[in-house]
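Contents: one structure, followed by commentary.
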Amino acid sequence: MAPLIADLCQHKEGNLYVPALDCWLDADTPRPKGFVSHAHTDHYAAHQVIICTPETAQLLTLVKPYGEALPPCRPLRLGREVAHGDARVRLLPSGHILGAAMLHLEHGGSSLLYAGDVRPSGSATAPPAAPLPADHLVVEDTFGALDEAFVDSREGAARVVEFCQSTRQEGATPVLVTMSGCGKAQEMVIALAAAGLTTALQSKIWHFTRLYARLGVPVPLGARLGQETVPDADVVLVTCAYLEHNDLGARLHRPKYALVSGWAATANARHYDAAIPWSDHASRAELLSFIEAVQPRLVWTFAGEGKLARELQAAGIGARHLA
Ligand SMILES: [Zn+2]
């Protein structure tokens with residue numbers, strides 16, 4: 001018997017399932033119906049039907065594996081409440097990336113907020129999270145204690161610009177490295193453009209940036225990095241995966257690399273010239289304020305090793321980790 005979260009949500013087969021909607025939440029394997037909270041690869045699976053925001057539906061065209069068809073998406077706009085049987089559902093902004101949503105469910109006199117990847121303060125490309133009160137709150141604990149070191153978007157952008165300007169003053173080429181082609185990459189392009197710096201973007205980042213602009217985000221489209229050439233630009237932006245599989249350094253004049261990610265707070269960052277812990281996830285302080293605003297009777301955490309749940313319990317807040 002799968003453990004129940006107040007009959008609203010079940011944790012089974014390593015994923016979360018909402019019986020009242022017959023829908024899985026960010027499941028990592030294909031299901032008949034799945035809510036995809038946002039367009040990051042680790043939240044996508046080829047479900048038979050996908051529930052997501054209209055923006056996420058567009059971005060998923062670049063997330064799905066090349067050559068595969070995107071399953072039918074049923075777009076649900078942020079803030080719009082819909083009834084499903086005797087349940088009521090609403091998607092709310094999570095502040096994580098463009099189109100990212102939390103799912104708020106009311107059913108049988110109880111309520112649940114599934115936060116997914118949340119960044120309460122939002123960013124230049126995503127509105128702040130809307131912490132609607134709920135009896136039960138489900139949050140990820142992806143980063144453990146690392147999130148204590150996260151800087152907010154304003155400081156992250158300032159440190160990125162400072163790294164690029166000082167690197168260029170040395171006569172070297174700044175290379176910014178992110179985990180994903182979608183999200184912080186576009187936030188960095190906006191921050192760099194505001195400082196008068198032009199960008200050369202890895203093809204994948206370039207495609208996401210073009211789609212962001214088409215979806216109404218005021219982001220300038222940088223030049224596109226070729227297979228063997230590098231366009232004339234002040235700063236180069238690539239993902240970790242690109243850096244691992246391409247000899248980018250051979251094409252650049254004195255490259256200096258900065259890892260810009262929540263993972264910049266780990267030992268992996270020692271391979272880089274600089275590490276900037278600007279994440280599109282909440283810092284620990286932000287997450288605690290967010291939990292306070294939701295006022296849940298019980299917080300359920302998943303991913304990670306349960307550190308957040310133990311901390312909440314120690315602070316007198318009801319919390320359990322879904323292992
Ligand atoms: Zn994400």
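I want the local charge near Ser121. Using Cβ-Cβ distances under 15 Å, sum +1 for each Lys or Arg and -1 for each Asp or Glu among the other residues. Please list the in-between numbers first.
Numbers: positive: Arg119, Arg154, Lys184, Arg284; negative: Asp117, Asp147, Asp152, Glu155, Glu187, Asp280, Glu286, Glu292.
With Lys, Arg at +1 and Asp, Glu at -1, the net is -4.
With a ≥ b ≥ c the root eigenvalues of the C-alpha gyration tensor of the stretch 151-276, is it rounded (a/c under 1.5), prolate (a/b larger than b/c) or oblate?
Working: a/c = 1.28, a/b = 1.10, b/c = 1.16.
Cα axes put the stretch 151-276 in the rounded bin.
How about Lys256: which lysines have a C-alpha closer than 22 Å to its C-alpha, ignoring those fewer than 8 places off in the same chain?
Qualifying lysines at Cα under 22 Å: Lys184, Lys204.
Using amide H atoms built in the peptide plane, which far-off residues or other-chain residues are under 5 Å from Asp28 H to H?
For Asp28, whose amide H was placed from the backbone, there are no distant partners under 5 Å.
Taking amide H positions as placed 1.01 Å from N in the peptide plane, with prolines and chain starts having none, which residues 5 or more places from Val151, or on another chain, fall under 5 Å of its amide H?
Trp278, Ser279
When every alpha-carbon pair in the stretch 1-72 is counted, what percent end up more than 16 Å apart? Could the numbers behind the result be given before it?
Details: 1160 of 2556 pairs.
The share of Cα pairs beyond 16 Å in the stretch 1-72 comes to 45 percent.
Exactly which trypsin sites (Lys or Arg not before Pro) in the stretch 60-144 are in a DSSP loop and have at most 13 other Cβ atoms within 10 Å?
Working: sites: Arg77, Arg80, Arg88, Arg90; in loops: Arg77, Arg80.
Taking the stretch 60-144 and a limit of 13 other Cβ atoms within 10 Å, the loop trypsin sites (Lys or Arg not before Pro) found are Arg77, Arg80.
Rounded to the nearest 500, what is the chain's calculated 222 nm mean residue ellipticity when only DSSP H runs of at least 4 contribute -39500 (n - 2.57) each, over all residues? Present the calculation step by step, with values, prior to reporting the outcome.
Working: 7 runs with 75 residues, N = 323.
That comes out to -7000 deg cm²/dmol.
Let's see if you can work this out: charge +1 on each Lys and Arg Cβ, -1 on each Asp and Glu Cβ, no other charges. What is the dipole magnitude of the chain about its Cα centre, in debye to the nearest 20? Kindly include the intermediate steps, with their values, before the conclusion.
Working: 27 positive and 33 negative charges, 107 e Å.
Using only the charged Cβ atoms, the result is roughly 520 debye.
When all alpha-carbon pairs of the stretch 106-217 are counted, what percent fall beyond 20 Å? Could the numbers behind the result be given before it?
Working: 3348 of 6216 pairs.
The proportion of pairs with Cα distances above 20 Å equals 54 percent.
Across the Cα atoms of the chain, what radius of gyration and what greatest pairwise Cα-Cα distance (Dmax) are found, in Å?
My reading of the Cα-based Rg and Dmax gives 20.1, 64 Å.
Within 11 Å, Cβ to Cβ, of Glu55, how many net charges do the neighbouring residues add up to if Lys/Arg are +1 and Asp/Glu are -1? Working shown, then result.
On the way: positive: Arg77, Arg214; negative: none.
That sum, taken over residues with Cβ under 11 Å, equals +2.
Taking the Cβ of Leu308 as the center, what net charge do the other residues with Cβ under 12 Å away carry, scoring Lys and Arg +1 and Asp and Glu -1?
Local net charge: -2.
Please turn the phi angles of the stretch 297-302 into ³J(HN,Hα) values with the Karplus equation 6.51 cos²θ - 1.76 cosθ + 1.60 (θ = phi - 60°), one per residue in order, whole Hz, x for glycine and proline.
Values per residue, Gly and Pro as x: 6, 9, 9, 10, 10, 9 Hz.
What order do you get for 56-69, 102-115, 283-296 when each peptide is scored by the mean count of other beta carbon atoms within 10 Å, highest first?
Values: 56-69: 15.2, 102-115: 21.4, 283-296: 18.0.
Top of the packing list down: 102-115, 283-296, 56-69.
Throughout, read-outs are computed from the coordinates displayed, never taken from laboratory work. Since the structure is predicted, the reported quantities are computational estimates derived from the model, not experimental observations. Virtual Cβ from ideal backbone geometry, glycine too; neighbours counted across all protein chains shown.
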